[in-house]
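K.L.:
Let me begin by handing over the structure; questions about it come next.
The values are calculated or read from the model by the stated rules, or taken from the named source; none is laboratory data. What you see is a predicted model, and the numbers here were worked out from it, not measured in a lab. Here the Cβ is made from the backbone with ideal geometry for all residues, glycine too, and neighbour counts use every protein chain on show.
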Amino acid sequence: MAIDTIHDRPREKLQKKGVASLSNAELLQILIGSGTVQASVSRIARNVLKQLTKHGNAISIDLLQEVTGLGPARASLIMAAFELASRYPVNSKQLTIDTNDKARGLFVELRFSTYRKLVYVTLDGAHRLIAKRTIKCRDTTHPSELLRQVFSNVVTDHAAGLLIAIGSAKHSLDPSIYELSLAKDVNGMAQLFVVTIHDLLLVNKDGELSLRSETW
């Protein structure tokens, strides 16, 4: 049987951080339960997601059973979960950040700021906005202080994702050693807290630069 590592245990994550912190694949892993001799539970979940993306509302038990390792019992469980969810829809007014334009639109204020700020946004597993916060960055602000504030709120929010931007109207888009180091530290902390960094931007009045490609 294919074995998943300790990092692939969405049940424990749900119990500690809440259901909104789980990705779509992790939610499916809970429904699927375990892997088989043919495929691990994480692989089965990824392939089910591919079927859902391809077929949408036309998904069926037969289409689900085309996924290696997914039999009629588990396919029926997934279909039943979808049907139950459709009968009890959640009317959520949370903003979903599912495009680059929406993400970068959250940081427009930095283009007009007269002083350097760090703005960060926490997201749930469905890319819905949980909270947006701002830290005023002084020249003496140590990276560890920024990391402490950001990730303490990641824990408080039970966040699954994070967007970060640093800048002001006159901020340079040429990343400094300080900013590159901060980006690497953010990535390290994200791995520790099992959080996805969707982007880390430098912003000024003329535009923005993503540090994601610069550092990871």
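Yes/no matrix, rows are residues, columns are (1) hydroxyl-bearing (Ser, Thr, Tyr); (2) within 30 Å of Ala183 (Cβ to Cβ); (3) in contact with an Asp or Glu (Cβ under 6 Å, 6 or more places away or on another chain); (4) surrounded by fewer than 16 Cβ atoms within 10 Å (Cβ to Cβ):
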position	(1), (2), (3), (4)
Ile44	no, no, no, no
Thr53	yes, no, no, yes
Ile78	no, no, no, no
Ala81	no, no, no, yes
Leu129	no, yes, no, no
His142	no, yes, no, yes
Glu145	no, yes, no, yes
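K.L.:
I'm told Val203 meets every condition in (1) within 25 Å of Ala25 (Cβ to Cβ); (2) in contact with a Phe, Trp or Tyr (Cβ under 9 Å, 6 or more places away or on another chain); (3) of a type in the set (A, V, I, L, M) except one. Can you identify the failing condition by its number?
P.N.:
Among (1) within 25 Å of Ala25 (Cβ to Cβ); (2) in contact with a Phe, Trp or Tyr (Cβ under 9 Å, 6 or more places away or on another chain); (3) of a type in the set (A, V, I, L, M), Val203 violates only (1).
K.L.:
Follow-up question, since we're still on this one. Out of the residues in segment 13-28 that are in contact (Cβ under 8 Å) with a residue 12 or more places away in the chain and among the polar types (S, T, N, Q), state the one that is surrounded by the fewest Cβ atoms within 10 Å (Cβ to Cβ).
P.N.:
Checked segment 13-28; the qualifying residue surrounded by the fewest Cβ atoms within 10 Å (Cβ to Cβ) is Asn24.
K.L.:
Has segment 194-210 got any residue that is of a type in the set (A, V, I, L, M) and without any contact (Cβ under 8 Å) to a residue 12 or more places away in the chain?
P.N.:
no
K.L.:
Could you tell me which numbered condition Leu110 fails, if it satisfies all but one of (1) touching a residue at least 24 places away in the same chain (Cβ under 8 Å); (2) surrounded by 14 or more Cβ atoms within 10 Å (Cβ to Cβ); (3) over 30 Å from Lys170 (Cβ atoms); (4) over 18 Å from the mean Cα position of the chain (by Cα)?
P.N.:
Unmet condition: (3).
K.L.:
Moving to a separate point now. If you go through segment 58-65 one residue at a time, do you hit one that is surrounded by fewer than 18 Cβ atoms within 10 Å (Cβ to Cβ) and modelled with pLDDT under 85?
P.N.:
Yes, some residue in segment 58-65 is surrounded by fewer than 18 Cβ atoms within 10 Å (Cβ to Cβ) and modelled with pLDDT under 85.
K.L.:
Under the condition of being out of contact with any Pro (no Cβ under 9 Å at 6 or more places or on another chain) and among the acidic types (Asp, Glu), which residue from segment 1-55 is modelled with the highest pLDDT?
P.N.:
Checking each candidate, the answer is Glu12.
K.L.:
Of all the helices (runs of 4 or more DSSP H) wholly in segment 89-196, which have at least 2 residues that are in contact with a helix residue (DSSP H, G or I) (Cβ under 7 Å, 6 or more places away or on another chain) and either assigned by TED's automatic domain parsing to the domain that holds Ser23 or not charged (D, E, K, R) (or both)?
P.N.:
On the way: elements: 100-105, 143-157, 177-193.
Of the helices (runs of 4 or more DSSP H) lying wholly inside segment 89-196, those with at least 2 residues that are in contact with a helix residue (DSSP H, G or I) (Cβ under 7 Å, 6 or more places away or on another chain) and either assigned by TED's automatic domain parsing to the domain that holds Ser23 or not charged (D, E, K, R) (or both) span 143-157, 177-193.
K.L.:
Between residues in segment 29-52 that are closer than 19 Å to Val19 by Cα and residues that are among the hydroxyl-bearing types (Ser, Thr, Tyr), which pairs lie under 8 Å by C-beta distance while being six or more apart or on different chains?
P.N.:
Pairs that qualify, where the first residue is closer than 19 Å to Val19 by Cα and the partner is among the hydroxyl-bearing types (Ser, Thr, Tyr), are Gln29/Ser42; Val41/Ser34.
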